[in-house]
Amino acid sequence: MPAICLKKMNERRTIAILPLLSAALMSIPWLVPHTGWVALFGLVPLLCAERIATGCHIRHFWRWYLLGFVVWNAATTFWIWNATAGGAVFAILYNSLQMFLVFGLFRISRRRFGGCLPYLFLMFAWIAWERIDYSAQLSWPWLTLGNAFSGTVSLVQWYSVTGALGGSLWVWAVNLSLFGLMTAFSEGSWWNRNYKAQMASLFGILVLVAGPIVASEIIYKGYEEKSEGTSRVVIAQPNIDVYNKFGAMTQAEQTETLLGLFPEESGEQLLLVAPETFTSDVVLNDIQSGATWRRFREFLQSRPNTDLLFGASSWEFINKRSQPSLLARPYGDGWIESHNSALIMDASGRTEVFHKSKLVVGVEKMPYPRIFAPVDDWLGGVMGRCVPQDRISCLHLADGTTFGCAVCYESVYGDYCTGYVREGAEFLTIITNDAWWGDTPGYRQHLRYASLRAIELRRDIARCANTGISAFINQRGDIVSSTSWWERRSLEGQVNYNSQLTVFARYGDVTGRVCTLAFILMLLALLVRTVSGGTRRASA
């Protein structure tokens, strides 16, 4: 740090403004399409504020970077409030607190490590946290840094190798490099380097910034859509108000509205797609008893080559004295378990079922049920208790074609979605219900995340929303066609089959695993230095 620090007033004003500036910059990619590149320098002001606070011994700096994280989370995910005020407050504060703890751990490492080691520790710790968050009981990976490029897919075609956490690594690497360059200039150490060292530094940063962009553009322009077969798909967006689902229309009326969006009889192979939780009258013990299922089969009788995929809140009755699982609720003389399901059927009555595994905390999922189930029982059953499927399985068309169906929130989880293609999925569908959030950035962000899954897996995607945006997405992540917000209509398109596995699909999240290992090793080194009392040499 410079020998003479700023006056106290200016110091405090600076470290108050810079974390908020970072929050504003990092919010832009989630709110404005095609601005993912802003994330490549959005964290620099936060790093500058931390450096000033450390060098000038500003106390209570933690208040300001915690505030910055809260502002970033609130600015990008405020729309949760439209569905649940309590859930919004919890998600914003919970995710902010995790960011705060990671950054605080970095601050601790600054006391024990010298040079660039604390910053490498920060990068690895952050990505390790993002990876762990994908499988945590309380999981909210919406603001994974690699997701910043979901609206700029031409920049990240290499996600087919690294997945979205490769983007997180790129964001941190570029931000830290730019911060290091600024520090070298501000300290004057830049001018102590010889010409070759200066040019090597500038060239390295240029390659780090431009290399992935150039490589991605080459891949993007040269990629040819794989087509080992095709299916014609018709998506129905019924645009039913979820807050008045049964107040304005009965289930039978909703069913007729949906079927009215599908085309007349067709002799060719056809997949019809309806949104998530379209009906709630599916009893898994006796599927054929459901009125919606019977009406769908009647509709399909004159369409022998047609499959119908739809979402349902399904139920399973279990006639046992003892509770079959912590998530089961008492019902009569037995128990009932609920699921958020995707079902596919054809004219013969053949029906396959997939239960959503990645559930929304609170609304669908009860985390740590041994702890919270008794509390929920005492409160009268206010938390969701959907039972997830133990492992991924695929669905099949009548001709035997295998495809994966991600139900809503599952499309946010890249490493999880590799399970579909490993099970043989040749294309993907997503069924969702984004109407809960209203006309906010939420449903647009959710749509763009589907583009990342298309790149990572190189699979065509047919995405059906009750409202929000339904779309066809190709293997490059391009949105080929889409509906509009709050529009009742159908959308027809074609999906290409691809059985090839990308590097990411074959090996999974290698980037996250390597960064987690690096974090663990550095954390152990930090603990050893802390226990032994070793400290870094005084440095800026």
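The lone criterion from (1) modelled with pLDDT of 95 or more; (2) part of a strand (DSSP E or B) left unmet by Glu256 is number (2).
Exactly one residue among Glu492, Glu487, Glu456 is in contact with a Gly (Cβ under 7 Å, 6 or more places away or on another chain) and among the acidic types (Asp, Glu), and that residue is Glu456. Candidates in segment 318-345 are the residues that are farther than 22 Å from Ser393 by Cβ and outside any loop (DSSP other than H, G, I, E, B); of these, the one that is least open to solvent (accessible area, probe 1.4 Å) is Gly334. Against the test of being assigned to a helix (DSSP H, G or I), under 21 Å from Leu43 (Cβ atoms) and open to solvent by 50 Å² or more (accessible area, probe 1.4 Å), the options Trp72, Trp64 yield a single qualifying residue, Trp64. Set side by side, the residues Thr402, Thr429 differ, and just one is open to solvent by 10 Å² or more (accessible area, probe 1.4 Å), touching a strand residue (DSSP E or B) at 6+ places or on another chain (Cβ under 8 Å) and under 16 Å from Val233 (Cα atoms), which is Thr402. For segment 216-249, filtered to residues that are among the small types (Gly, Ala, Ser) and surrounded by 14 or more Cβ atoms within 10 Å (Cβ to Cβ), the residue that is nearest to the chain's Cα centre (by Cα) is Ser216. Could you please find all residues in segment 463-474 being touching a helix residue (DSSP H, G or I) at 6+ places or on another chain (Cβ under 6 Å) and surrounded by 24 or more Cβ atoms within 10 Å (Cβ to Cβ)? Passing the criteria: Arg463, Ala465, Asn466, Thr467, Gly468, Ile473. Please go through segment 71-106 and give me each residue that is closer than 17 Å to Ala136 by Cα, free of Cβ contacts under 8 Å to residues at least 60 places away in the same chain and not polar (S, T, N, Q), ordered by number. Scanning segment 71-106 gives Ala91, Ile92, Leu93, Tyr94, Leu97, Met99, Leu101, Val102. The residue list Arg295, Arg370 contains one member that is within 22 Å of Phe278 (Cβ to Cβ) and among the basic types (Lys, Arg), which is Arg295. Scanning segment 501-540 for residues that are assigned to a loop (DSSP other than H, G, I, E, B) and charged (D, E, K, R), we see that the one that is modelled with the lowest pLDDT is Arg537. Would you point out the residue of segment 259-280, among those that are part of a loop (DSSP other than H, G, I, E, B) and free of Cβ contacts under 8 Å to residues at least 40 places away in the same chain, that is nearest to the chain's Cα centre (by Cα)? Here the residue is Gly260. Look through segment 375-395, keep the residues that are at pLDDT below 90 and either on the phi > 0 side of the Ramachandran plot or not charged (D, E, K, R) (or both), and return whichever of them is surrounded by the most Cβ atoms within 10 Å (Cβ to Cβ). Step by step, filter segment 375-395, then rank; the result is Met383.
For segment 121-173, the set of residues classified as in a helix (DSSP H, G or I), open to solvent by 10 Å² or more (accessible area, probe 1.4 Å) and under 19 Å from Tyr223 (Cα atoms) consists of Val153, Ser154, Leu155, Ser160, Val161, Thr162, listed by residue number.
A quick yes/no check of all residues on (1) closer than 29 Å to Leu300 by Cβ; (2) basic (Lys, Arg); (3) in a loop (DSSP other than H, G, I, E, B):
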| residue | (1), (2), (3) |
| --- | --- |
| Asp390 | no, no, yes |
| Ser411 | yes, no, no |
| Val421 | yes, no, no |
| Glu426 | yes, no, yes |
| Ile431 | yes, no, no |
| Ala435 | yes, no, no |
| Arg444 | no, yes, no |
| Ser451 | no, no, no |
| Ile455 | no, no, no |
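Among residues of segment 188-212 that are touching a residue at least 12 places away in the same chain (Cβ under 8 Å), those with a Cβ under 9 angstrom from a residue that is open to solvent by 70 Å² or more (accessible area, probe 1.4 Å) and of a type in the set (Lys, Arg), sequence gap 6+ or separate chain, pair up as Ser201/Arg193. For segment 91-120, a residue qualifies if it is of a type in the set (S, T, N, Q) and open to solvent by less than 20 Å² (accessible area, probe 1.4 Å), and the qualifying residues are Asn95, Ser96, Ser109.
The values are calculated or read from the model by the stated rules, or taken from the named source; none is laboratory data. Quantities reported herein were computed from a predicted structural model and do not represent experimental measurements. Glycine also receives a Cβ, built like all others from the backbone with ideal geometry; neighbour counts cover every protein chain displayed. When the accessible area is computed, the model is the full protein with side chains, heavy atoms only, and any ligands, DNA or RNA have been set aside. Shrake-Rupley method; radii C 1.70, N 1.55, O 1.52, S 1.80 Å.
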